[in-house]
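**Student:** So that we are looking at the same thing, I have put the structure below in structure tokens.
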Amino acid sequence: MRQLLLLRHAKSSWDDPSLSDHSRPLNARGRMAAAVMAEQMRELGLVPDVVLVSSSRRTLQTLEALQPIEGSPIVEVMDALYLAPWPRLLEALQHVPETARSVLLVGHNPGMHELGLALMGPAGVTTGSPHARRLAEGYPTGALAEFTVAAAWSQLTEGSGRLVRFLAPRDLPEVAA
């Protein structure tokens, strides 16, 4: 079994209207939420071998908050992931080396949400699991979806993932307070 982690970037700042969307940084709440999610990932033992990350400032800062990541994964910063639709995200995952046991993808909505739904497939969305229902409702900033995948990365398709958990920063007491 392989593990796929989909992490949407944390909350970003709109304070400087002169910045391009690609250049927007995390705001204070986003930095705090990313740090809390990083700690939660460590507690859950979620350790990727490969990290694919959008080249935007807010996704790179979200990844920075996860550091250090145990095992020093291979990190690939990809312009193609910036605001990518879910089929492009899926295609990027299909090119991950087959030796990778766990992959973390750090990206943007709506692509992340749509990819999560596509991986679950229609049957996964209607299973009634609390995690599936929450994912179906939306994909907030800083949220993490963990999937198990039986297929080879190159064979990853719609419906080939099983959602293990869906966790948003607001679920954690450090952020909810």
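Bear in mind that the values in this text are calculations on the coordinates, not laboratory data. A quick note: this is a predicted structure, and the numbers were derived from the prediction, not measured. Note that each Cβ is placed from the backbone with ideal geometry, even for glycine, and that neighbours are counted across all protein chains shown.
**Student:** Output the qualifying pairs, or none if there are none: Cβ atoms under 7 angstrom, residues six or more apart or on different chains, first residue in segment 75-101 and in a loop (DSSP other than H, G, I, E, B), second residue exposed (fewer than 14 other Cβ atoms within 10 Å of the Cβ).
**Tutor:** TYR82/SER55; GLU98/ALA152; GLU98/SER154
**Student:** Here is a follow-up. Out of the residues in segment 86-97 that are within 14 Å of the chain's Cα centre (by Cα) and not small (Gly, Ala, Ser), which is surrounded by the most Cβ atoms within 10 Å (Cβ to Cβ)?
**Tutor:** Here the residue is LEU89.
**Student:** All but one of (1) surrounded by 21 or more Cβ atoms within 10 Å (Cβ to Cβ); (2) over 19 Å from LEU104 (Cα atoms) hold for PRO48; state the number of the condition that does not hold.
**Tutor:** (2)
**Student:** Sticking with this structure for a sec: Out of (1) in a helix (DSSP H, G or I); (2) free of Cβ contacts under 8 Å to residues at least 60 places away in the same chain; (3) surrounded by fewer than 20 Cβ atoms within 10 Å (Cβ to Cβ); (4) not basic (Lys, Arg), the odd one out for MET32 is which?
**Tutor:** The one condition MET32 does not meet is (2).
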